[in-house]
Amino acid sequence: MDTAEIIVLVSGVALIAFVIWYFFMGEGVRAAATVGATGVQQINVTVKGGYTPDVIVVKKGVPVELDFYRDEASTCTEQVVFGDFGISRMLPAFKTTPVTFTPERAGEFTFTCGMNMVRGKLIVEE
Ligand SMILES: [Cu+2]
């Protein structure tokens, strides 16, 4: 093989890897909150260039505690906003910040960073 063939081969493999990553990761990570002994639906969310999980399923009328661990110092994600719930919180880097509220209506709600760039979805079920 000469250099040109190697370059073609390497970029082909990289493209395939990207396509696989795109289709599997593009769907996002979905998680349901678990109800603890205190009756609160708790879930841990890692903040690093996005939210993991980025689709969170909770039940209506039950208090929710989302514990955001911000695993980066990039200013993009320093704030999380739940517009539909009138909530906005600063997330200090490398710390866990709890966001608590009780969803009183079912539906799909978007939460974002302060610039509306990084997004996640909260699904409230009946
Ligand atoms: Cu941002």
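Structural remarks
- Breaking point among (1) of a type in the set (V, I, T); (2) buried (at least 17 other Cβ atoms within 10 Å of the Cβ); (3) more than 16 Å from the ligand (Cβ to nearest atom), for T100: (2)
- Residues of segment 103-126 satisfying the condition of being away from the ligand (no atom under 14 Å from the Cβ) and touching a residue at least 40 places away in the same chain (Cβ under 8 Å): P103, E104, R105, A106, K121, L122, I123, V124, E125, E126
- Every residue from segment 75-89 that is within 16 Å of the ligand (Cβ to nearest atom), touching a Gly at 6+ places or on another chain (Cβ under 9 Å) and either closer than 21 Å to A33 by Cα or not β-branched (V, I, T) (or both): C76, E78, Q79, V80, V81, S88
A short reminder: the numbers here are calculations on the coordinates, not readings from a lab. All of these numbers come straight from a predicted model, not from anything done at the bench. Methodologically, a virtual Cβ is constructed for each residue, glycine included, from the backbone with ideal geometry; neighbour enumeration extends over all protein chains shown.
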